[in-house]
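Report on the following structure.
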Amino acid sequence: MRRYRFIQVGLAVAALPYQAVNPLVREQDGLAVIPLAETWAERHFVICVCDRAALTLPTSRLIEHLMATC
């Protein structure tokens with residue numbers, strides 16, 4: 001794929017989310033995927049809402065579930 005051209009020709013490296021480089025692109029373009037096992041590479045997510053009290057019941061339950069699994 002054209003978007004990975006600089007990496008393909010050896011002019012660049014990139015730190016990308018694993019999901020951003022799907023298996024077909026890796027195979028077709030010959031990209032090597034090297035997993036990062038460093039603490040700085042961990043991703044942290046947050047949930048943002050305007051008014052938690054105004055959320056629908058399913059949304060509230062989803063947020064509660066996500067918070068309980070962290």
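Data table
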| item | result |
| --- | --- |
| Nitroxide proxy distance, nm - points 7 Å out along Cα→Cβ at A37 and A54 | 4.7 nm |
| Label-point gap, in nm, between V46 and V9 - each point 7 angstrom along Cα→Cβ | 4.0 nm |
| Highest-first arrangement of 12-22, 34-44, where packing means the average Cβ count within 10 Å | 12-22, 34-44 |
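Where a number appears in this text, it was derived from the coordinates with a stated rule and is not lab data. Please read these numbers as outputs of a predicted model, since none were measured by experiment. Heads up, the Cβs are rebuilt from the backbone with ideal geometry, glycines too, and the neighbour counts pull from every protein chain shown.
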